[in-house]
Amino acid sequence: MVTTTAATPSGARAGGSRVNRWLSHRAAKPLGFVLATLPFVWLVWAAFSNQLGANPAEALIRSLGDWTLRFLVLVLAITPLRVTAGWPALARLRRMVGLFVFFYASLHLLAYALFDMGFDVAGIAEDVIKRPFILVGFLAWVLLLALAATSLNRAIRAMGAKRWQMLHRAVYLIAGLAVLHFFWMRAGKNNFAEVGVYAAVLGSLLAWRVWRRWRG
C-alpha cells in the first residue's frame, strides 16, 4: 500500500510533464489550428454535398452556434486545466482558441444574416430590436469583437495590463449571454437538455475561478 500510494503522485507528475512537453512543442500550435478548423471544413463539405438534412440553412446556423459554445467552453477550461493538471504550456494556445470562438461566432452571425435575413440590413436591425435572443447573441458577438481586436501584444502594451485584463474578463459575461441566447432559442421547442449541459459546464468553470480568487 505504501509503495502504491507513493508511486501515484510520481506517475501523475511524470504524465503531466510529458503532456506539458507535447504542448510546448513547436508543432502544437499548428496542430491545434488544424484541429480547430476541422469543424468548419466539415460544414463546408456537408453544405456542398447536401449532407445537412431537409433544412440545410438552419442546420448550418445551429451547427456554427454549437461550435461557438464548444470553443467558448474550451477557452474557459484552459486555465483550470493549466493549474490543476500542471500543464502551464496550455497558456500558449489560449489566444488562438479565443480567436476561434470569435471565428465561429462570426460565421454563425454571417449565416443568420445571409440565410435567414438575405443580408437585409434594415431587417436585421429590426430583428435585433424585436427578438431578445437575437439581441443577446448580437451583444455577445460585439463583446467578442472587442476581445479579438485587442488580442495582440501591441494592444496589451497600448492599454496597459490592468485595463486589458479588465476588458478580457468580459469573456465571463459573454459566456452568460451565449447560454441565455441558446436558452431562448430552444424555448420555442421546449428543449433545454443541451442548454442545461452547457450551463452546468460553464457554471462550473466560472465557479472554479470564483473559488480560487476567494481562496487566494
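The values are calculated or read from the model by the stated rules, or taken from the named source; none is laboratory data. What you see is a predicted model, and the numbers here were worked out from it, not measured in a lab. Cβ coordinates were reconstructed from backbone atoms using ideal geometry, including for glycine residues, and neighbour counts include every protein chain displayed. Please note that ligands, DNA and RNA were not included when accessible areas were found on the heavy atoms of the full protein model with its side chains. Shrake-Rupley method; radii C 1.70, N 1.55, O 1.52, S 1.80 Å.
Report yes if residue 70 is assigned to a helix (DSSP H, G or I), open to solvent by 20 Å² or more (accessible area, probe 1.4 Å) and under 30 Å from residue 25 (Cα atoms), otherwise no. Answer is yes for this residue.
Remark: residue 195 matches the filter, which requires a residue to be of a type outside the set (Asp, Glu) and in contact (Cβ under 8 Å) with a residue 12 or more places away in the chain.
Please enumerate the residues belonging to the range 201-214 that are charged (D, E, K, R) and exposed (fewer than 13 other Cβ atoms within 10 Å of the Cβ). Working first, answer last.
Going residue by residue through the range 201-214, those that are charged (D, E, K, R) are 209, 212-213.
Once the filter is applied, which keeps residues that are charged (D, E, K, R) and exposed (fewer than 13 other Cβ atoms within 10 Å of the Cβ), the range 201-214 yields only 213.
In the range 105-136, how many residues are more than 19 Å from residue 40 (Cβ to Cβ) and within 18 Å of the chain's Cα centre (by Cα)?
Pass one, the range 105-136, residues more than 19 Å from residue 40 (Cβ to Cβ): 116-136.
Those still in the list that are within 18 Å of the chain's Cα centre (by Cα) too: 136.
Residues in the range 105-136 being more than 19 Å from residue 40 (Cβ to Cβ) and within 18 Å of the chain's Cα centre (by Cα): 1 in total.
Considering only residues that are of a type in the set (D, E, K, R) and assigned to a helix (DSSP H, G or I), which ones fall in the range 126-154?
Within the range 126-154, the subset of a type in the set (D, E, K, R) is 126-127, 130-131, 154.
If the condition is that a residue be of a type in the set (D, E, K, R) and assigned to a helix (DSSP H, G or I), then 126, 127, 130, 154 are the ones that fit.
For (1) at pLDDT 95 or above; (2) part of a helix (DSSP H, G or I), each residue gets a yes or a no:
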site	(1), (2)
156	no, yes
177	yes, yes
191	no, no
210	no, yes
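Taking the stated definitions as given, is residue 34 open to solvent by 40 Å² or more (accessible area, probe 1.4 Å), of a type outside the set (D, E, K, R), at pLDDT 95 or above and assigned to a helix (DSSP H, G or I)? Considered against the rule, which asks whether it is open to solvent by 40 Å² or more (accessible area, probe 1.4 Å), of a type outside the set (D, E, K, R), at pLDDT 95 or above and assigned to a helix (DSSP H, G or I), residue 34 comes out as yes. Scoring residue 146 on the criteria (1) open to solvent by 70 Å² or more (accessible area, probe 1.4 Å); (2) under 21 Å from residue 92 (Cα atoms) leaves a single failure, condition (1).
Among the residues of the range 189-200, which ones are closer than 19 Å to residue 64 by Cβ and open to solvent by 40 Å² or more (accessible area, probe 1.4 Å)? Walk me through it before giving the result.
Start the filter on the range 189-200 by keeping residues that are closer than 19 Å to residue 64 by Cβ, which leaves 189, 191, 194-195, 197-198.
Selection gives 189, 191, 194, 197.
Within the range 200-213, residues that are more than 11 Å from residue 172 (Cα to Cα) reach partners that are assigned to a helix (DSSP H, G or I) with beta carbons closer than 7 Å, at six or more positions or on different chains, in the pairs 201/73; 208/80.
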